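A short write-up of the structure that comes next.
Just so you know, all these numbers are worked out from the coordinates, no wet-lab data involved. It should be emphasised that the depicted structure is a prediction, and the values quoted were computed from it without experimental measurement. Every residue, glycine among them, receives a Cβ derived from its backbone with ideal geometry; neighbour counts consider all protein chains shown.
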Amino acid sequence: MINSTDSKDNIFIFDMLRIQLDSSIIANGGKEIQVDSKIKECCSQKRDSVIKSWLWDVPGFRRWRVTRMNSGNSIQVLNTVAYPEYANDQPILGVDILWFGVKRKLVAVLDFQPLIQDDQYFLKYYEELKTIRNSFNEFQSTENMNIYDSSKYFSPWVLFYNGKFDLFQSYLPDLFSQFIDCYWNLTLKSINQPGDLNPKQVKNIHIDYDVYNAERDPAHGLFKSYYGKEWSDYFVSNFLFPLALNSGK
């Protein structure tokens, strides 16, 4: 049985994390970009559920998107992906946080998603993320990360948790704050560091990233069950991974 107090607390924390992220983006020069109403907000015709999305124009980034799904006692979702400009070979920021009310379970995946799996690249971009991961033992396991291909667009220091939701309130807000701050630090450092990949290489990797995830993103099935196939296909193609549309692949 789902405790209504627990549900309200978790909804509040998801909203708090989203507001915290927005504030951080704005503090770093971000301005919201208007998206079409079909993407901005969608209410489920079958269930008590609403999904909202935001797109940000952020200095140093070609695209930063945020999605918040609120399905009350059933499920809560916060997702954000930030793509640096093609002139910057810095990792892509990726966050998926999901709370499943019936199972009373939290799944959280936070990573600086590498453009290449290379030791020198890791040395350049991942020292601070290693430190954060070492400070949160609960987020060090990848044992049940079977829905993600950890060898493709995930780093060896991906922060992953799949377990009881009670750790959510205890650990996640602090970890999320440190994770976002760490990524901003990485962005500042990258300005003064020459990239190992040229802009054309970075663009091609970003395209491959969108193609790969448009085909495999496990959230697609979740969206279809709540908002229908037509809307979900449109959302994945036109908002989540738009480079996949015209990739020619």
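Mind putting together the pair-distance distribution for the chain? All Cα pairs, 10 Å bins, whole percent per bin, short to long.
7, 31, 39, 20, 3, 0
Give me the extension gain from D196 to E32: residue separation times 0.36 nm, minus the current Cα-Cα distance, reported in nm with one decimal.
56.0 nm
Considering the dipole of the stretch 4-196 built from charges on the beta carbon (Lys and Arg +1, Asp and Glu -1) around the Cα centre, which of L78, I26, P91 is farthest to its positive end?
It is L78.
So which lysines can K203 reach, going by Cα to Cα under 18 Å and dropping same-chain residues fewer than 8 places off?
Answer for K203, where 18 Å is the Cα cut-off: K152, K249, listed by chain and number.
Would you calculate a helix-derived [θ] at 222 nm for the chain, using -39,500 (n - 2.57) for each DSSP H run of n ≥ 4 and dividing by the full residue count, to the nearest 500?
-13000 deg cm²/dmol
With unit charges on the beta carbons (Lys and Arg positive, Asp and Glu negative) and the dipole taken about the Cα centre of the chain, which residue among F122, I207, W54 sits farthest to the positive side?
Value computed over the given set: W54.
Could you calculate the FRET efficiency of L188 with K46 from 1/(1 + (r/R0)^6), where r is the beta carbon distance between them and R0 is 35 Å, rounded to 0.05?
0.20
Could you give the dipole magnitude of the stretch 1-95 about its Cα centre, charging the beta-carbon of Lys and Arg +1 and that of Asp and Glu -1, in debye to the nearest 20?
280
Could you work out the mean projected area of the convex hull around the alpha carbons of the stretch 13-93, in square nanometres to one decimal?
It is 6.0 nm².
Calculate the dipole size of the stretch 102-233 relative to its Cα centre from +1 charges on Lys and Arg beta carbons and -1 charges on Asp and Glu beta carbons; express the result in debye to the nearest 20.
In total the dipole reaches around 260 debye.
Taking the Cβ of D174 as the centre, find all other residues whose Cβ is under 12 Å away and add up their charges (Lys, Arg: +1; Asp, Glu: -1).
Taking every other residue near D174 into account, the sum is -2.
Listing M16, M69 from the residue with the fewest other Cβ atoms within 10 Å to the one with the most, what is the order?
M16, M69
Using label points projected 7 Å from each Cα along Cα→Cβ, tell me how many nm separate D22 and K164, to one decimal.
Spacing of the two 7 Å Cα→Cβ label points: 3.3 nm.
Give me the distance between the Cα centres of the stretch 7-28 and the stretch 156-222, rounded to whole Å.
Cα centroid to Cα centroid, the span is 17 Å.
Students often check this: by mean Cβ neighbours within 10 Å, which of 93-99, 43-49, 159-165, 181-187 ranks highest, and how do the rest follow?
93-99, 159-165, 181-187, 43-49
From the residues N185, H220, G195, which one has its Cα farthest along the dipole of the chain in the positive direction, the dipole being from +1 and -1 charges on Cβ of Lys/Arg and Asp/Glu about the Cα centre?
Looking along the dipole axis, the top candidate is H220.
Sequence gap at least 6, Cα distance under 8 Å: using those rules, report the relative contact order of the chain to the nearest whole percent.
16
To the nearest 20 debye, what charge dipole does the chain have about its Cα centre, counting +1 at the Cβ of each Lys and Arg and -1 at the Cβ of each Asp and Glu?
The dipole of the chain has a size of about 580 debye.
Under a cut-off of 20 Å between alpha-carbon atoms, report the lysines in cross-link reach of K105, not counting same-chain residues fewer than 8 places apart.
Of all the lysines, those that pass the test against K105 - Cα under 20 Å, at least 8 places apart if same chain - are K8, K164.
Among the aspartates and glutamates, select those whose C-alpha is under 17 Å from the C-alpha of K189, and discard any that sit fewer than 8 residues away in the same chain.
E85, D89, E127, E128, D181
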